[in-house]
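Here is the structure we will look at, set down as structure tokens.
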Amino acid sequence: MSEKINDEENNGIDGSVRSPYTSYTEYLEEDAKDVPDFLMEESNEFLGSEDIPIDRYTSKEFFQKEAESMWTRVWQFACRVEDIPEVGDSLVYDILDYSFIIVRSDKDTIKGYYNSCLHRGRKLKTERGFGKDIECPFHGFCWNLDGSLKHTPAPWDFPHVKAEEWNLPEVRVDTWQGFVFINMDDNAIPLLEYLDPLPEHHERWDLADCKKVIHVSKVVPGNWKTVQEAFMEAFHATKIHPEILPFQADENSRYDHYGDHMNRNLALVGKPGPHCWPVDEQEILDTIFYGSGRVFDEDKTLVPDGQEARKIAAEKMREAFSATDGHDYSDKSDAEMLDALVYNVFPNFSPWGGFPRNLIYRFRPNGNRHDSAIMEAIFLQRNHKDPKKQEPYEPIPIHYLDEDQNWDDAEELTGIGLIFDQDMSNIPEVEAGIRASKKGKLTYANYQESRLRHFHKTIDKYIAKGPHKP
Ligand code: FES
Ligand SMILES: [Fe+2]
């Protein structure tokens, strides 16, 4: 038990009490390698314990407030730079009723345009594309990649269209570590300030040196927050993912939040959760290798007497990833090779940290629906250290799953699809249950659900600003 954070006298009413089991920080102190300071340091100010009204999930009115005051002001992950590698490559990012074309307008420039023709408003593009210009399929008004008007059909009939006034309206675009973001608010703070301190933490993991290898998108019948919040705490594992308890120390997890826009959950891999049945180190190792999708162990590694599965698994990961991508992981911590370092950026972007294939989540409303969401899972693969050994990269298609399909139908996700499906099976029942509530409110845990409360507080800050019309 960590004395510095547990204060028995006030019975935890001020949020100071932590799980009585070994904390994530205490486990980090046993790491085989040096652990970066930013992983050791805790950041969890008590955010209160008031109940949360359920209308934040169920009401169209609250959804509308989020739409007009929050989504129109925040930085949103739109795509990866490798989605549009060549000049003229473009793709579409939709949020609510808004739609944007993200286009590589020259070698070093990515621009974003409101995806609406200035003539009669047709969407200029509906999907990924390539072209030397942007032509509307309805009557053929056409723009250059830099947004300037290129062609007017029947120009004799449009003497009132002045080319210099007919640039495609732009949305703010900025990039960080290969992620392209948009923001509909011209007065929003710069992206790097918004993300702070994420860039400092991720500097070491450098996701700019990675490329997207898997992208699966699924429609989920639930409010976008219901879906996202299923991935923002670890203690549901006991009931929803019992098979991972031998290797996932769920209740021991760390929850940190920073400023308004960033929080994280650090969940240890390689020690059993406190509610797991008795397991030995061999069982732990086997479940990491065969139950987590982290690395496949063809050697059937045995844990020698007196040794720990966590350390053996971490070493196996260092070797396996080094063999794959040529990078040297010999001094990288067990935590960075194994653990679920789940970062979230408000409102809906979640880039995991660490060195193995990084998992990225994105959650957003399905169009204008408060009761349906889109969840995406993206994997990034690190480039080979030797440029001569890097495979030529072709942008990968998005694999779309509808509401009736399972994550596990996407074979490229291997074992993790089954874990997502466990979360998915729960979501309709959460949605139905909160609507059936007599209490009308939800009660979050002070610590383990502090990240949910953190983001709800930030939603309130945006709503307090009032509507923003892009
Ligand atoms: S609506 Fe686009 S050219 Fe007519
Ligand atoms: Fe889960």
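Bear in mind that the values in this text are calculations on the coordinates, not laboratory data. Because the structure is a prediction, the values reported are computed rather than measured. Note that we place each Cβ from the backbone using ideal geometry, even for glycine, and neighbour counts take in every protein chain shown.
Between the stretch 147-205 and the stretch 56-101, the C-alpha centres lie 13 angstrom from each other.
Taking each residue as 0.36 nm, the span from Trp156 to Asp209 lengthens on full extension beyond its C-alpha to C-alpha distance by 14.0 nm. Here the sum of -39500 (n - 2.57) over DSSP H runs of 4 or more residues, divided by the residues of the chain, equals -6000 deg cm²/dmol at 222 nm, to the nearest 500. Charge dipole (Cα centre; +1 on Lys/Arg Cβ, -1 on Asp/Glu Cβ; no other charges) of the chain amounts to roughly 1960 debye. Relative to the dominant Cα principal axis of the chain, helix 450-464 is inclined by about 30°. Modelled this way, with points 7 Å down the Cα-to-C-beta line, the labels at Gln390 and Ala323 are 2.4 nm from one another. Phi angles across the stretch 349-362 convert, under the Karplus curve 6.51 cos²θ - 1.76 cosθ + 1.60 with θ = phi - 60°, into 3J(HN,Hα) values of 10, 9, x, 4, x, x, 9, x, 2, 7, 8, 10, 10, 9 Hz, Gly and Pro given as x. The angle between the Cα long axis of helix 416-435 and the main principal axis of the chain comes to about 80°, on a 0 to 90 degree scale.
Summing charges over all other residues whose Cβ lies under 12 Å from the Cβ of Leu124, with Lys and Arg as +1 and Asp and Glu as -1, gives +1.
I need to check one value: relative contact order of the chain, counting alpha carbon pairs closer than 8 Å and at least 6 residues apart, in percent. Relative contact order, the chain: 21 percent. Fewest-first ordering of His160, His257 by other beta carbons within 10 Å of each residue's beta carbon gives His160, His257.
A cut-off under 10 angstrom between Cβ atoms defines the neighbours of Ile419, and their net charge, with Lys, Arg +1 and Asp, Glu -1, is -4. Checking every one of the trypsin sites (Lys or Arg not before Pro) in the stretch 408-452 against DSSP loop status and a limit of 12 other Cβ atoms within 10 Å picks out Lys438, Lys439. Using only alpha-carbon positions in the stretch 1-128, the gyration tensor eigenvalues give semi-axes of 45, 26, 10 Å once each is multiplied by 5 and square-rooted (largest first). The label point for Ser217 and the one for Lys300, both projected 7 Å from the Cα toward the Cβ, are 4.4 nm apart. Ordering Met262, Met337 by the number of other Cβ atoms within 10 Å of each residue's own Cβ, fewest first, gives Met262, Met337. For Leu442, the residues 5 or more places off, or on other chains, whose built amide H falls under 5 Å of its own are Ile52, Ile54. Counting only DSSP beta bridges with both residues in the chain, the antiparallel share comes to about 95 percent. Taking the convex hull of the alpha carbon positions in the chain and averaging its projected area over all directions gives 24.4 nm².
Put in order of Cβ neighbour count within 10 Å, fewest first, the listed residues Tyr361, Tyr114 become Tyr114, Tyr361. Among the GluC sites (Glu not before Pro) within the stretch 396-431, those in coil by DSSP and having at most 13 neighbouring Cβ atoms inside 10 Å are Glu403. Using the Cβ of Lys107 as centre and a radius below 12 Å, the other residues enclosed give a net charge of -3, where K and R count +1 and D and E count -1. Return the subset of Lys125/Lys225; Lys65/Lys457; Lys212/Lys385; Lys212/Lys388; Lys311/Lys389 for which the Cα-Cα distance in this structure is over 23 Å, preserving the input order. Over 23 Å apart, Cα to Cα: Lys125/Lys225; Lys311/Lys389. Cα centroids of the stretch 286-357 and the stretch 450-470: 35 Å apart. With axes computed from alpha carbons, what is the tilt in degrees of helix 309-325 against the longest principal axis of the chain, rounded to the nearest 10 within 0 to 90? It works out to around 40 degrees. Candidates Phe130, Tyr27, Val92 compared by Cα position along the dipole of the stretch 1-156: farthest toward the positive end lies Phe130, with charges placed on Cβ.
When the trypsin sites (Lys or Arg not before Pro) in the stretch 321-419 are filtered for DSSP coil states and for at most 15 other beta-carbon atoms within 10 Å of their beta-carbon, the remaining sites are Lys385.
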